[in-house]
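Each value in this text was obtained by applying a stated rule to the coordinates, not by laboratory testing. None of these values were measured; they are calculated from a predicted model. A quick note on method: Cβ atoms are made from the backbone with ideal geometry, for glycine too, and the neighbour counts reach across all protein chains shown.
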Amino acid sequence: METNPIEIFREWFTQEMNVTKVVIPTACCLSTIGIDNYPNARFVSLKGIESNNLIVTGTTSSRKGLEINQTNKIALTFWWTKTERQVRIQGDATQISNELADKYFAERNRDSQIVSIISNQGKKIKDIETLNKRYNEIEATFINQNLTRPENWGGYSIEPIRIEFLEFKPNRFHNRQLFQLIKGLWTKSELQP
Ligand SMILES: Cc1cc2nc3c(=O)[nH]c(=O)nc-3n(C[C@H](O)[C@H](O)[C@H](O)COP(=O)(O)O)c2cc1C
């Protein structure tokens, strides 16, 4: 097995993507430390790996953004059903540059782009009709034009400090390998199932 956990992650990710049939195969659970210290978790999609960091995107002014702003220590957890593997990552999240956010925003489908523009994610809805109207207005106004990323849409680059790979085995002796970044070097341990 590889000794660089990011390379193992890439390998496992590719293997699952090649065989999976799930609708959003890149889904993973992003856990943050809540403003009130209760852990908070939600699914997001892994958008890429840049310079050994994992990239997730979304609204930066909603709860996850506020929480990461307060404490940038996060966890990202994957369960890959076809290959029967779990990956647990802990690390530090940093907001990505505007240039990178623009790139990821441009890759989104148009419906998602419009919703990001009109919706103040996580705020209470007073009137869904007003939101629908805003959606239709933007759609009609910017027909055949590129849409500009709203300022509160961006992403986070997650620099892992700990990665655990678990692979199910039929005899329940699951294979667990923990990599920890210690003084800049990845140190590997095998864990009991
Ligand atoms: C499978 C799945 C994928 C999702 N992908 C994203 C995503 O990539 N980015 C995002 O901001 N929200 C995504 N969401 C919605 C989030 O779970 C969440 O509702 C939203 O980000 C608001 O979270 P917050 O209030 O903690 O900021 C996804 C939800 C599901 C179920």
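For segment 102-116, just list the computed ³J(HN,Hα) in residue order, Karplus coefficients 6.51, -1.76 and 1.60, θ = phi - 60°, integers in Hz, with x standing in for Gly and Pro.
Each residue's phi maps through the Karplus curve to give 4, 4, 5, 5, 5, 7, 6, 6, 4, 4, 5, 4, 5, 4, 4 Hz.
Can you list the residues, at least 5 places off or on another chain, whose amide H is less than 5 Å from the amide H of residue 34, using H built in the peptide plane?
Hits under the 5 Å cutoff: 40.
Over all alpha-carbon pairs of segment 96-193, lay out the pair-distance distribution in 10 Å bins, whole %, shortest bin first.
13, 26, 18, 17, 18, 8
For segment 1-96, just list the percent of Cα-Cα distances falling in each 10 Å bin from zero outward, please.
15, 47, 29, 8, 0
Quote the FRET efficiency, to the nearest 0.05, computed for residue 84 versus residue 4 with a Förster distance R0 of 35 Å and r equal to the Cβ-Cβ distance.
Efficiency at R0 = 35 Å is approximately 0.95.
How long are the semi-axes of the equivalent ellipsoid of segment 54-98, defined as square roots of 5 times the Cα gyration tensor eigenvalues? Whole Å, largest first.
The answer is 24, 11, 10 Å, longest axis first.
With the Cα gyration tensor of segment 105-156 in hand, convert its eigenvalues to equivalent ellipsoid semi-axes via √(5λ) and list them largest first in whole Å.
Working through the eigenvalues yields semi-axes of 18, 16, 7 Å.
Tell me, what HN-Hα J-couplings in whole Hz come from the Karplus equation 6.51 cos²θ - 1.76 cosθ + 1.60 at θ = phi - 60° for each residue of segment 147-153, using x for Gly and Pro?
9, 8, 4, x, 4, 8, 10
Could you point to the residue in 41, 81, 65 farthest towards the positive end of segment 28-86's charge dipole, with +1 and -1 charges on the Cβ of Lys/Arg and Asp/Glu respectively?
Positive-most Cα among the choices belongs to 81.
Which residues' amide hydrogens lie under 5 Å from the amide hydrogen of residue 148, considering only partners 5 or more residues apart or on another chain, with H built in the peptide plane?
Under 5 Å from the amide H of residue 148 lies no amide H from a residue far enough along the sequence or on another chain.
Of the options 182, 158, 168, report the single residue whose Cα projects farthest towards the positive end of the charge dipole of segment 143-193 (beta-carbon charges: Lys, Arg +1; Asp, Glu -1).
Among 182, 158, 168, the one farthest towards the positive end of the dipole of segment 143-193 is 168.
Among 36, 92, which comes first, second and so on when ranked by fewest other beta-carbon atoms within 10 Å?
Ranking 36, 92 by Cβ neighbours within 10 Å, fewest first, gives 36, 92.
Quick check on my link table: of 47/103; 47/188; 64/188; 82/103, which ones sit more than 19 Å apart, alpha carbon to alpha carbon?
From the list (47/103; 47/188; 64/188; 82/103), the Cα-Cα distance tops 19 Å for 47/188; 64/188; 82/103.
Any number yet on Rg/Rh for the chain, C-alpha, Kirkwood?
Rg/Rh: 1.02.
Would you mind telling me which residue in 166, 30, 181 has the biggest mean-square fluctuation in a Gaussian network model of the chain, where springs connect alpha carbons within a distance under 10 angstrom?
181
In whole Hz, what ³J(HN,Hα) sequence does segment 88-93 give by Karplus (6.51, -1.76, 1.60; θ = phi - 60°), x for Gly and Pro?
Couplings: 10, 10, 10, x, 10, 9 Hz.
Residues in segment 58-93, backbone N under 14 Å from the label point at residue 181 (7 Å along the Cα-to-beta-carbon vector): list them, ranges by number please.
Answer for segment 58-93: 72-76, 89-93.
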